[in-house]
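Have a look at the structure below before the remarks.
The values are calculated or read from the model by the stated rules, or taken from the named source; none is laboratory data. Note that the structure is predicted; figures quoted are calculated from it, not measured. Cβ: placed from backbone, ideal geometry, glycine included. Neighbour counts: every protein chain shown. Calculation scope for accessible area: heavy atoms of the full protein, side chains included, ligands and nucleic acids excluded. Shrake-Rupley method; radii C 1.70, N 1.55, O 1.52, S 1.80 Å.
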Amino acid sequence: MERLASTSDPTHKNIGVIGLGIIGRAVAGNLRRKGYPVFVWNRSPRPVPNFVGSVGELTELCNYIQIFVSDDDALLQTVEQLSESLRPRHLVLAHSTVTPDSMRAAAEIVERRGAQFVEALFTGSKPAAEKGELVYYVGGTDTALREARPLLEASSKEIIYIGPVGHASAIKIATNIITAATVQAAAEALALVQAFGAPLEKFVEAMRANASYSGTLTMKLPKILEGDFEPQFSVKHMLKDMQLASQIALSHYLDLGVTAAARDQLLEQMQWGHGDDDYSSVARKYLRESAPSLYEEPQLEEQREQASGGEPIFEPAESDGEKLGPENAGLADSQQPLLAFGAASSAAADTTTPLRRGFLKQLLSRFSSGQE
């Protein structure tokens, strides 16, 4: 691994970044451009400057540690590893979207060692991160937040104080419900426009003058029409957040129907093998012109084989190695593959329009995930 010159004595300005996914890489780059010495660690080694051999080595070199891992298990595992070498001089910033309970548990682990902890959830996808224009939702003590502010300012355009640790996590999950639902609603709206033969471009033009137009639609509608699903915020990460929202809803006796619908469509994309694509790829199933080659129907022979007890057609996407814990722990066990049309229904399926087939797959997906 490429190493920059360093000293054996950690300095106050050294910053450690754990997790080199889309956002972690961009934040490390912004910190370096602002003149901070940055050391990094990722579960999968990367040929990047100052890649260290362990989280323990990171805490020896750095007073500040920023954590960009993907889920609850990964965050808790990371802070447990860090805790062995944390000292009162350390400040840990957790950026993972996790449940409020997990964030509070992470804070407790860090603070037991006398170190400081800041909850710093971010909003903004790949372009915002690369430009240093993230928005942070933060929580923690006044002292910790004052010390963390210069680091956060290096990669952000705004820092919003939310409250005690755990509250920012709840806010972030809630905002992602709106984001996921917005794109799902836009995909369905495009399907309706297309079904009537109206130009999709005119729908986009009409939406620009509509009160419900948003920054999300500004970013996503053009890419959806182009069939461009290069990841800026992946299906698997948005699915994880919708599963967190559903978990919280269940524990608080909330009926979040829109959240469940968005979650089911993301799950379907995962089962089709599109987990690493942008979450806007939920539009694939609705748009005939941009999607057929990317979203093909299962072959009849495969359908019959599955119906007769053969191997399932769909498997969960493998992890990208950018996290410490399994991306969607238990997904393969708790969610069954989509049901295929059997031989008895093949004649009807052959005469069904593409839009109706998509609707039937949606119903079948809901049955397979235990939603009805």
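Which one of these is more than 28 Å from residue 220 (Cα to Cα) and within 24 Å of the chain's Cα centre (by Cα): 155, 102?
102
Residue by residue through region 39-73, note down the ones that are surrounded by fewer than 24 Cβ atoms within 10 Å (Cβ to Cβ) and among the small types (Gly, Ala, Ser).
44, 53, 54, 56
In the list 258, 183, 193, which residue meets the criterion of being of a type in the set (A, V, I, L, M, F, W, C) and without any contact (Cβ under 8 Å) to a residue 40 or more places away in the chain?
Just one listed residue meets the conditions, 193.
Taking residue 213 and the conditions (1) open to solvent by less than 50 Å² (accessible area, probe 1.4 Å); (2) part of a loop (DSSP other than H, G, I, E, B); (3) under 22 Å from residue 126 (Cα atoms), which numbered condition does it fall short on, given that it satisfies the others?
For residue 213, the failing item is (1).
So which of 219, 242 ends up being open to solvent by 50 Å² or more (accessible area, probe 1.4 Å), within 14 Å of residue 182 (Cα to Cα) and part of a helix (DSSP H, G or I)?
Criteria check complete, one pass: 219.
Can you name the residue in region 263-276 that is on the phi < 0 side of the Ramachandran plot and not in a helix (DSSP H, G or I) and is also surrounded by the fewest Cβ atoms within 10 Å (Cβ to Cβ) among such residues?
Restricting to residues being on the phi < 0 side of the Ramachandran plot and not in a helix (DSSP H, G or I), the top hit is 276.
Can you find a residue in region 147-161 that is under 20 Å from residue 32 (Cα atoms) and part of a loop (DSSP other than H, G, I, E, B)?
Yes, region 147-161 contains at least one residue that is under 20 Å from residue 32 (Cα atoms) and part of a loop (DSSP other than H, G, I, E, B).
State yes or no: is residue 16 in contact with a Phe, Trp or Tyr (Cβ under 7 Å, 6 or more places away or on another chain) and at pLDDT 95 or above?
Against the criterion (in contact with a Phe, Trp or Tyr (Cβ under 7 Å, 6 or more places away or on another chain) and at pLDDT 95 or above), residue 16 qualifies.
Could you please give the count of residues in region 174-199 that are polar (S, T, N, Q) and either outside any helix (DSSP H, G or I) or closer than 11 Å to residue 224 by Cβ (or both)?
Final tally of qualifying residues: 0.
Would you mind stating whether residue 203 is of a type in the set (Phe, Trp, Tyr), in a helix (DSSP H, G or I) and at pLDDT 95 or above?
Spelling it out, residue 203 is indeed of a type in the set (Phe, Trp, Tyr), in a helix (DSSP H, G or I) and at pLDDT 95 or above.
Just give me the residues in region 245-262 being on the phi < 0 side of the Ramachandran plot and open to solvent by 50 Å² or more (accessible area, probe 1.4 Å), in sequence order.
247, 250, 251, 252, 254, 255, 256, 258
Name the residue, out of 126, 202, 172, 131, that is closer than 28 Å to residue 239 by Cα and without any contact (Cβ under 8 Å) to a residue 12 or more places away in the chain.
131
Of (1) in contact (Cβ under 8 Å) with a residue 60 or more places away in the chain; (2) farther than 24 Å from residue 244 by Cβ; (3) open to solvent by 60 Å² or more (accessible area, probe 1.4 Å), residue 151 satisfies all except one. Which?
Unmet condition: (3).
Only one of these is in contact with a helix residue (DSSP H, G or I) (Cβ under 9 Å, 6 or more places away or on another chain) and at pLDDT below 95: 84, 119, 80, 133. Name it.
84
What do you reckon, is residue 228 surrounded by fewer than 23 Cβ atoms within 10 Å (Cβ to Cβ), farther than 22 Å from residue 171 by Cα and at pLDDT 95 or above?
Yes, satisfied.
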